[in-house]
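Participant: Could you have a look at this structure, given as structure tokens, before my questions?
The values are calculated or read from the model by the stated rules, or taken from the named source; none is laboratory data. Just so it is clear, the model here is predicted, and its values are computed rather than measured. Note that we place each Cβ from the backbone using ideal geometry, even for glycine, and neighbour counts take in every protein chain shown. Protein only, heavy atoms only, side chains kept; ligands, DNA and RNA dropped before computing areas. Shrake-Rupley method; radii C 1.70, N 1.55, O 1.52, S 1.80 Å.
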Amino acid sequence: MKTTIRVLVLAVGALSAVPAFANLSVNVGAITVAPNDSSSTLNVVESVAGLPAGSTQVAVNNNTQLGLTIDYKFNNNWTAELIAATPFSHDVNVKGSAIDGLDVGSTKHLPPTLVAQYHFDIGNSNIDPFVGVGLNYTKFFDASASDTLKATLRSLNVTTANDDVDLELDDSVGLALQAGVNYKISDNWGAHFAVSKIDIDTEANVTVNGNSIQKVDVQIDPMVVMVGVRFSM
Ligand code: NI
């Protein structure tokens, strides 16, 4: 991590000497994905396990990673921002009914987002508030079904020890809305705060030997909060 940051600082320093990069700012800090999730019900699980119909959903927990956002300023009002981060990892659990909290599995994702920001002139050159609208692409990877889920499916005689149980999540493309503020401390340094509401919807499938046995539509729709240090070139 130390080496990464040193390389990053050197790279940013080198780039800032090039005039074409004068409109660039880089924000580095903590970025949190807090799902405001809801899902369709686990109808197959409910029927196999004898749970009330419509009682059982899935939930996705929060995760914080190292965020890197890059701003390109076109003029005093318009900036394009690319939001990137180290991969987020989330646990997926059952929500509701007698199996509330059951560990379904986990997944990682990368949510690159490109945002067009409108910056307001409030008459104070140190405080730069903005709103934005953009497009998100979320790529899920390394999804896996938990041992608890595998054991539960075996105990319900849905699977045997020889079956291969897995979890798969489809990629998502959706709208992002953003609001935030940049605070200027010196010519180069400042603080960056942004909150984005991102529409992330996926279809999750629990598969047995590659065949889906339970499909569930999950609305993750997170608030993505970034607090970082800002370096303007
Ligand atoms: Ni949604």
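Participant: Mind checking which aspartates and glutamates have their C-alpha under 12 Å from Lys73, skipping anything on the same chain fewer than 8 residues away?
Facilitator: Output for Lys73: Glu81.
Participant: Tell me, what is the per residue accessible area of the chain in Å², probe radius 1.4 Å?
Facilitator: Details: 11900 Å² over 233 residues.
Computed with neighbouring chains in place, this is 51 Å² per residue.
Participant: So what is the 222 nm mean residue ellipticity for the chain from helices alone, if each DSSP H run of at least 4 adds -39500 (n - 2.57) and you divide by all residues, rounding to the nearest 500 deg cm²/dmol? Intermediate values should be presented prior to the final figure.
Facilitator: On the way: 3 runs with 31 residues, N = 233.
Dividing the helical sum by the residues of the chain leaves -4000 deg cm²/dmol.
Participant: Quickly work out the Asp91-to-Asn43 label distance, labels modelled 7 Å from Cα along the C-beta direction, and quote it in nm with one decimal.
Facilitator: Those two pseudo-labels are separated by 2.9 nm.
Participant: Okay, moving on. If all Cα-Cα distances of segment 72-187 are sorted into 5 Å bins from 0 onward, what percent lands in each bin, rounded to whole numbers?
Facilitator: Pair shares across the bins are 2, 10, 14, 14, 12, 10, 9, 8, 7, 6, 4, 3, 2, 0.
Participant: With respect to the cross-link table entries Lys95/Lys215; Lys150/Lys197; Lys108/Lys150, which display a Cα-Cα separation exceeding 27 Å?
Facilitator: Lys150/Lys197
Participant: Which residues make up the longest stretch of the chain that has no chymotrypsin sites (Phe, Trp or Tyr not before Pro) in a DSSP loop with at most 14 other Cβ atoms within 10 Å?
Facilitator: 121-233
Participant: A further question on this structure: What aspartates and glutamates sit close enough to Lys184 to cross-link, taking a C-alpha to C-alpha distance under 12 Å and skipping anything fewer than 8 places away on the same chain?
Facilitator: Asp128
Participant: If you take all C-alpha pairs in the chain, what percent of them are over 32 Å apart?
Facilitator: 33 percent
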